[in-house]
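Notes follow the structure.
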Amino acid sequence: MIDFDTALALVLTEARPLPCETVALEAAAERVLAVDLRARGDAPRAAVSAMDGYAVRDADLARLPARLPITTVAFAGRADVPSLPTGTCARVFTGGPVPHGADRIVVQEIVGRDGDLALFEVTPGPGNNIRAAGSDFRTGDTLLPAGTVLGFRAMVAAAAADVANLSVVRRPRIVILGTGDELAEPGQALETPGSIPESVSFGVAALARQSGGEVIDRRRLTDTPELLEAAARRALDEADLVVVTGGASVGEKDYARSMFAPFGLELIFSKVAIKPGKPVWFGRAGGALVLGLPGNPTSALVTARLFMASLVAGLAGRDPAALLSWRDMTLTAPLKSCGDRETFERGRLVGGGVAGLAVQDSATQMALATADVLIRRRAGDAALSAGDSALVLDF
């Protein structure tokens, strides 16, 4: 049994980005850029108006009031750039090309109209309301560096680069295997004597996707060695990471590790001195990584958050450390002393501080849903009082 920091370091050693692939722009959201994204052209390609208004030469507004004939209209999308004769103006809309010779766009709110004449009676403000060609970016500029997660704001920049496809880190393919004779699909448990709803895999799958992974399958398995071995073979053929829940202890039907033995299971660690989640294990088999989580819901989700989330993030090209941002917070209620294992208590944010949940049982599910953070307690830590500081991690 190893300590938490050692186990986490071993997981992070394996959290290296997978190879890249090319995907359509519309499929790239939340993926990670594998190479720098450079602009194919200038933006804007020509000077355009930043407002709805009238393009004018400054010299023609030297004496006010001025009455200038409107010689052309420029909407956004007009391909040609018109010229502006001296002593005239042009009606221009936001995004429309600024006519050659124009010095500014006068906003329409301060311009009157008399048929085809524009009436200028008020001195324009200091800005010219013109977006110069290339003022946003130039051809070849790096708009997004490699490693950028393509969130909703980055997707705008990616599209603005005028590219149809992007090179991104391949998302890790994940198979989740839930083991246990007592498990039934949600919606069927009450009709099956002796069964409980299989809940853990749904939380693990959601966390895996949130961390950047692609869950390609989620299977519920009975504790039948032949069935488990066949499922392990199939999962190893399909996945970069196999997550198996349950069967991680030392009971007569705990087959989670033995089901991978025929495929050369190499354990990286077999259990960790933490509470909850001591039976968590990690290894390699058949060319894939395998992470074994406890079967109790809270234990499974705590260990998935501590180990799986960062592993998946790293495989997907994200920064694993971003998911391990522990911070100090003030306790709003006391905590008991910690035992001989490092403990991750579930807590809730309260009034700018944090309080441990009243229920810390590893099998609880209702209380699990109310937890906001994990509170890290070192082995042997003394009791803490309200007002003391504690390390927390978003959960």
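The values are calculated or read from the model by the stated rules, or taken from the named source; none is laboratory data. On a predicted model such as this, the values are computed, not experimentally measured, just so you know. Note that each Cβ is placed from the backbone with ideal geometry, even for glycine, and that neighbours are counted across all protein chains shown. Just the protein is used for accessible areas: all its heavy atoms, side chains included, with ligands, DNA and RNA removed. Shrake-Rupley method; radii C 1.70, N 1.55, O 1.52, S 1.80 Å.
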Per residue, the convex hull enclosing the alpha carbons of segment 65-118 has a volume in Å³ of 79 Å³
Against the longest alpha carbon principal axis of the chain, how many degrees, from 0 to 90 and to the nearest 10, is the axis of helix 225-238 turned? 20 degrees
Using the Kirkwood radius over Cα pairs, work out the Stokes-Einstein diffusion coefficient for segment 322-370 at 4 °C and 1.567 mPa s, in µm²/s as a whole number. 105 µm²/s
Net charge contributed by nearby residues that have their C-beta within less than 11 Å of R346 (K/R +1, D/E -1): -1
Using a cut-off of 12 Å between beta-carbons, work out the net charge of the residues near K278 (Lys and Arg +1, Asp and Glu -1, K278 not included). 0
For the chain, the percent of accessible surface on carbon and sulfur atoms (probe 1.4 angstrom, ligands and nucleic acids excluded) is 52 percent
Accessible area per residue in Å² at 1.4 Å probe, computed on segment 327-395: 51 Å²
What net charge do the residues around A118 carry, taking every other residue with its C-beta under 14 Å from that of A118, with Lys and Arg at +1 and Asp and Glu at -1? -1
What number does segment 1-147 give for Rg over Rh if you use C-alpha atoms and the Kirkwood radius? 1.34
So how tilted is helix 4-13 from the main axis of the chain? Cα-based, degrees 0 to 90, rounded to 10. 60 degrees
By the gyration tensor of its Cα atoms, with a ≥ b ≥ c the square roots of the eigenvalues, what is the shape of segment 249-334: rounded for a/c under 1.5, prolate for a/b over b/c, or oblate? oblate
So for segment 266-395, what are the equivalent ellipsoid semi-axes in whole Å, largest first, each being the square root of 5 times an eigenvalue of the Cα gyration tensor? 27, 16, 13
Roughly what angle does helix 200-210 make with the longest principal axis of the chain, taking Cα atoms, 0 to 90 degrees, to the nearest 10? 30 degrees
Please calculate how many Å² of accessible area segment 1-104 carries per residue, with a 1.4 Å probe and no DNA, RNA or ligand atoms counted. 51 Å²
So, relative contact order of the chain in percent, Cα under 8 Å, 6 or more apart, is 16 percent
By its C-alpha gyration tensor, with a ≥ b ≥ c as the square roots of the eigenvalues, how is segment 202-298 shaped: rounded for a/c under 1.5, else prolate for a/b larger than b/c, else oblate? rounded
Give the peptides 329-341, 89-101 in descending order of average Cβ contacts within 10 Å, highest first. 89-101, 329-341
accessible surface per residue for segment 169-300, probe 1.4 Å, DNA/RNA/ligands not counted, whole Å² -> 42 Å²
Cα-based Kirkwood hydrodynamic radius, segment 285-354, one decimal, Å: 14.8 Å
Per DSSP H run of n ≥ 4, the term is -39500 (n - 2.57); total these for the chain, divide by its residue number, and report the mean residue ellipticity at 222 nm rounded to 500 deg cm²/dmol. -4500 deg cm²/dmol
When we measure straight from the Cα of K278, which aspartates and glutamates land under 16 angstrom away, once same-chain ones fewer than 8 places off are left out? D3, D5, D254, D340, E342, E345, D361
